[in-house]
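Just below is one structure, and these are the notes that go with it.
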């Protein structure tokens, strides 16, 4: 076996604070003691039959550790594989971890869902959750229900805090509920209390009066908007505009982006702000892009115009340019959109916006230079059949095409396996194993693909497995999680009842930008750990995303492990 050469030193990423010492009650900043068993029965919208991870997910994890990791969980991410697993962790029906904490674990979970723009998921969880006597939870629960527009729930015992609290938010919610129930005497008394406490909220007063009169007119100004203002606007059929949404934060921006009553420009600005969180579905992004207006001059000078636009604005221009272009001009425009997306770190967004036009192309041999990026874009959307057409234009007799053919065959079998693809993948793993021994641009990817194939029980030939194990033991170039994080992961993997902790450590190691830039040996180890933890489906998605979004490190291969 030929060992790859040594790389430049890898820089460890900084991720987590030190692990709390055994038996520690945390820092002096914690002022409220909330024990896990006070939070009631296991709560969550995902049981094991719905993809949940088990009611014992946190049984062996100290509360402060769980809170620290949950607060840093990369659920707000454009990488779908990371976002999906993070969402499963947060929504799993499980008992809260035991120990002292600053706030209820359910409160932490609801906040993370709202941070990610998962408004319906947050509301579904809030509707079933119960933590008695906890003011922080009561507010988070109410906000989740309000942002999702759950008018049938917001005046029920789920928001009973409104009846006793002297905080302006709760007094205003109390006034709304009295108004909707027709209790004018209680409403009048509540408004007198607001006046006595100098609660000056002209926007709320206007919105509530308009609801009673069935008049839909937006207030001139909404100062310090919150979930209740957003809810009242929705009840009147009025949009949360960009200015209001951006003051509220992610939930407000989601509402601003999805409402077609807002101007196309405002929806685009909101969606652009939400790209790092992955909070706008592909279908809505497409609708927002198609609603933009561009002049003929902008289409004629798209290269110069794109440089002046936001990323999403440029993608909207290119999407519309593809739609109006002659058939022979479409491939180059689509490729340009994908290349811009790749360079910006948003290839999945560009791929989703260009999918229909890209899938309709009939690739020809003169497009071979586009095959890699076009095929990857289609596979990011799960369209293996269309991606296979780009593989078919490659020529195995050309040494330059062989690694790409092998790459396609491995990915096609991972994304949409069938017997023919499995046979092709078995041969491809052999080709990639050879490439993993040859210093060059494709060496690290080849070692990564083979190692992930073994971790996922793919059809890797037996004679390749020994070489792959050797490659996986190398310290390849790329981003490396902090050694302390990986040590914590090893301990969590070995301890009973710490499965949720281990999965959150893995996602923290991957991070919100995904695993495309991780050192291959790190990614292989993390995917192997995910399989061990009983989430092979999530491990497969992470592996696919890693291969499709792989970012080659500067030329230099790996150094052997210490003797």
For this session: Scan segment 176-199 and report the pairs whose first residue is modelled with pLDDT under 90 and whose second residue is in a helix (DSSP H, G or I) and surrounded by 15 or more Cβ atoms within 10 Å (Cβ to Cβ), with Cβ atoms within less than 6 Å and a gap of 6+ or a chain change.
Result: 199/168
Problem set entry | Verdict on residue 487 being within 26 Å of the chain's Cα centre (by Cα), without any contact (Cβ under 8 Å) to a residue 12 or more places away in the chain, in a helix (DSSP H, G or I) and more than 27 Å from residue 390 (Cα to Cα) | yes
Exercise. Can you tell which of 519, 492 is within 17 Å of residue 97 (Cα to Cα), surrounded by 20 or more Cβ atoms within 10 Å (Cβ to Cβ) and more than 17 Å from the chain's Cα centre (by Cα)?
Worked result: 492
For this session: Go through the residues of segment 105-122 one by one and say whether even a single one is surrounded by fewer than 22 Cβ atoms within 10 Å (Cβ to Cβ) and outside any helix (DSSP H, G or I).
Result: no
For this session: Read through the list (1) assigned to a loop (DSSP other than H, G, I, E, B); (2) under 17 Å from residue 517 (Cα atoms), then give the number of the only condition that residue 446 fails.
Result: (1)
Problem set entry | Residue that is farthest from residue 255 (Cα to Cα) [pool: residues in segment 144-164 that are assigned to a helix (DSSP H, G or I) and over 32 Å from the mean Cα position of the chain (by Cα)] | 163
For this session: Give the residues of segment 353-381 that are surrounded by fewer than 22 Cβ atoms within 10 Å (Cβ to Cβ), touching a helix residue (DSSP H, G or I) at 6+ places or on another chain (Cβ under 6 Å) and under 21 Å from residue 278 (Cα atoms), sorted by residue number.
Result: 381
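The values are calculated or read from the model by the stated rules, or taken from the named source; none is laboratory data. A quick note: this is a predicted structure, and the numbers were derived from the prediction, not measured. Ideal geometry is used to build each Cβ from the backbone, glycine not excepted, and the neighbour counts take in all protein chains shown.
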